[in-house]
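The next block holds one structure in the form of structure tokens; read it before the comments.
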Amino acid sequence: DTFPRPLPTWAYHVPVIGSILVHPLVDRILSSYIATGALLILGEAVLNGIIISKRPYTEIDWRAYMSEVQPVLEEGDFNYANLRGGTGPIVYPGGFVWLYAMLFKLTNNGNDILTAQCIFAVFYLLTLFLVIRIYSKAAGSHLRPYMLVGLCLSVRVHSIFVLRLFNDGPAMLLLYLSLALLLENKVTLGCIAYSLAVSIKMNIFLFAPGLFLFLLSTGGILSASWYIGICALVQLLVGLPFLLKFPIAYISQSFNLSRTFKRYWSVNFKWVPCAPLEEESLLSDCQGIFTSKAFGIGLLALTAFSWILFSIYCGAPGAKKSFLKRAMGREKLSTQETVTVMLLSNFIGVVFSRSLHFQFYVWYFHSLPFLLTCTPLPGWAQVAVFIGIEACWNPWKGETSSIESSILLTVLHLVLLASLFVGLRVHKGVKDA
């Protein structure tokens with residue numbers, strides 16, 4: 001849990017600061033994941049309290065969420081076709097309904113925003129705790145405790161949790177709970193938590209290729225099939241009241257993979273040409289390459305190609321075998337390999353997502369410090385990429401992203417993806433068998 005000289009050498013030569021850093025107590029704290037993590041969580045508890053009390057709450061989807069679950073609670077209506085909010089019909093699986101139904105009850109029918117914010121602050125702190133725990137278990141010598149500070153530096157992520165109350169936050173909380181359980185070899189519980197996360201928001205499917213390789217490595221295809229069956233059973237149970245009465249409405253709306261989004265809110269591919277429509281619909285504001293089927297299919301193909309490429313040719317830092325060879329050989333993935341393949345799988349999906357909205361940043365923000373340290377990029381370049389990505393997720397002008405920021409984000413994503421391939425590539429000349 002501790003490292004010699006936890007900070008870069010140059011930090012100890014900074015006047016005044018250097019003399020503080022060499023103090024035994026400070027040095028011990030900065031060398032320990034437990035001490036650093038505890039201080040960060042304590043600091044974040046205070047910071048979230050300040051944010052809630054000083055920054056205004058922004059209404060975007062909370063009221064819509066409440067409107068979507070209200071008929072289920074008050075009328076016993078399990079027809080997804082009837083569950084609608086201010087942003088349109090419900091588009092999330094059953095787990096979302098049960099989570100926000102509980103929040104509906106806890107917040108006086110959704111009217112007690114302060115209580116909702118406090119609950120989401122707890123979600124934020126639990127997410128941070130789990131991520132720090134995962135990092136502490138999976139980190140090699142390349143990832144030092146002081147780097148955990150990066151997990152607390154995002155203005156956008158704080159906003160997603162405590163100022164906007166999006167369902168992306170609790171979905172990622174369950175995902176990291178799933179990963180933490182897998183690292184403890186509690187595979188059944190890990191799969192249950194993973195499927196519950198999917199039932200809140202579908203983006204969790206982006207972790208599926210990594211999860212499949214992990215499951216495959218635990219005991220082959222039969223073992224993997226058993227655990228996939230557990231995931232399916234969880235989906236069946238959370239959606240059962242809807243499936244028994246209106247199965248077509250539930251499946252078509254909660255697992256709709258063909259939806260498009262307004263280009264106006266796109267953070268990543270806003271630079272892709274698209275002519276504005278004279279009359280906008282709820283989910284479309286332009287017509288062109290951005291909304292075309294060819295563009296969507298192309299991105300899907302790039303996603304699948306990248307997943308295959310990385311699984312065949314890459315492994316954890318310093319690994320002698322690729323993820324796929326380890327999994328196919330029933331050689332259980334190590335802790336570091338499991339975390340790497342799961343976070344990498346998700347990041348590939350994020351890079352080639354047609355439209356990322358501001359709240360989607362939480363899908364991969366907490367994985368950035370880990371992934372950056374898996375690359376051969378020098379320290380200053382890792383910091384530059386991290387800061388650059390964060391900057392792109394905050395409006396440059398007006399209320400949304402700009403063409404320039406979306407171009408920069410696309411470039412930074414591709415730079416990080418290419419660097420990961422170089423850094424994780426199984427070295428030539430190393431025997432793979």
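The values are calculated or read from the model by the stated rules, or taken from the named source; none is laboratory data. Worth saying up front: this structure is predicted, and the values here are computed from it rather than measured. Glycine also receives a Cβ, built like all others from the backbone with ideal geometry; neighbour counts cover every protein chain displayed. These area figures cover heavy atoms from the full protein model, side chains too; ligands, DNA and RNA do not enter into them. Shrake-Rupley method; radii C 1.70, N 1.55, O 1.52, S 1.80 Å.
Modelled spin labels at Ala391 and Ile289, positioned 7 Å past Cα toward Cβ, are 2.5 nm from each other. The label-point distance for Trp226 and Val46, in a model that sets each label 7 Å from Cα toward Cβ, rounds to 4.9 nm.
In square nanometres and to one decimal, what's the mean projected area of the convex hull around the Cα atoms of the stretch 144-210? Taking the Cα atoms of the stretch 144-210, their convex hull projects to 5.4 nm² on average.
Which FRET efficiency value, to the nearest 0.05, is calculated for Arg63 and Val155 with the Förster distance at 25 angstrom and r the Cβ-Cβ distance?
According to the calculation, E is roughly 0.60.
Within the accessible area of the chain, what % is carbon and sulfur when the probe is 1.4 Å and the other protein chains stay in place? Answer for the chain is 68 percent, counting heavy atoms of protein chains only.
Per-residue Karplus couplings for the stretch 118-127, computed as 6.51 cos²θ - 1.76 cosθ + 1.60 with θ equal to phi - 60°, are listed in order as 5, 4, 6, 5, 5, 4, 4, 5, 5, 4 Hz, Gly and Pro entered as x. Averaging the sequence gap over all C-alpha pairs within less than 8 Å and six or more residues apart, then dividing by the number of residues, gives the stretch 231-345 a relative contact order of 12 percent.
Over 21 Å between Cα atoms, which of Lys201/Lys262; Lys245/Lys293; Lys201/Lys270; Lys54/Lys397 qualify? Working shown, then result.
Working: Lys201/Lys262 19 Å; Lys245/Lys293 33 Å; Lys201/Lys270 23 Å; Lys54/Lys397 23 Å.
Cα-Cα > 21 Å for Lys245/Lys293; Lys201/Lys270; Lys54/Lys397; rest within.
Backbone phi angles across the stretch 357-364, fed through the Karplus curve with coefficients 6.51, -1.76 and 1.60 (θ = phi - 60°), yield HN-Hα couplings of 9, 3, 5, 6, 4, 5, 4, 9 Hz in residue order; Gly and Pro are listed as x. Note on Leu302 and Leu237: their simple-model spin labels are 3.9 nm apart, each label 7 Å out from Cα toward Cβ. Each Lys and Arg adds +1 at its Cβ and each Asp and Glu adds -1 at its Cβ; summed about the Cα centre, the stretch 38-163 shows a dipole of about 660 debye. The amide H of Gly288, built 1.01 Å from its N in the peptide plane, has Ala275 as neighbours under 5 Å, considering only residues 5 or more places off or on other chains.
The trypsin sites (Lys or Arg not before Pro) found in the stretch 282-385 that occupy coil by DSSP, while having at most 16 further C-beta atoms within 10 Å, are Lys320, Arg330, Lys332.
What does the C-alpha gyration tensor say about the overall shape of the chain? Classify as rounded when a/c is under 1.5, otherwise prolate if a/b is larger than b/c, or oblate. Each step should come with its number before you reach the end.
Details: a/c = 1.43, a/b = 1.27, b/c = 1.13.
It comes out rounded by the Cα gyration axes.
From the Cα gyration tensor of the stretch 235-275, with a ≥ b ≥ c the square roots of its eigenvalues, which class applies: rounded if a/c is under 1.5, or else prolate if a/b is larger than b/c, or else oblate? Prolate, because a/c is 1.5 or more and a/b exceeds b/c. For the stretch 332-433, what are the per-bin percents of Cα-Cα distances with bins 10 Å wide, up to the bin holding the maximum? Whole-percent P(r) values from 0 Å outward: 13, 45, 29, 10, 3, 0.
Once you have a ≥ b ≥ c as the square roots of the Cα gyration tensor eigenvalues for the stretch 107-227, tell me rounded if a/c is under 1.5, and otherwise prolate or oblate according to whether a/b is larger than b/c.
Since a/c reaches 1.5 but b/c is at least a/b, the shape of the stretch 107-227 is classed as oblate.
Length gained on full extension, Ala35 to Ala381, computed as 0.36 nm times the residue gap minus the Cα-Cα distance: 121.8 nm.
By the Cβ distance rule of under 4.7 Å, the chain has these cysteines without a partner: Cys118, Cys152, Cys191, Cys231, Cys314, Cys374, Cys392.
Could you grab the Rg to Rh ratio for the stretch 170-294? Cα atoms only, Kirkwood for Rh. Provide the component values of the computation, followed by the final result.
Values: Rg = 18.4 Å, Rh = 16.9 Å.
Reported Rg/Rh, Kirkwood definition of Rh: 1.09.
Contact order, relative form, for the stretch 318-433: 38 percent (alpha carbon pairs under 8 Å, 6 or more residues apart, mean separation divided by residue count). Based on DSSP H segments of at least four residues, each scored -39500 (n - 2.57), the chain has a per-residue ellipticity at 222 nm of -19000 deg cm²/dmol.
When only C-alpha pairs under 8 Å and at least 6 residues apart count, what is the relative contact order of the chain, in percent?
On the way: 633 pairs, mean separation 75.6, N = 433.
Answer for the chain is 17 percent.
Amide H contacts under 5 Å for Leu83: Ile90, restricted to partners 5 or more places along the chain or on a different chain, H placed in the peptide plane at 1.01 Å from N.
Think of a 1.4 Å ball rolled over the protein heavy atoms: the chain then has 44 Å² of accessible area per residue.
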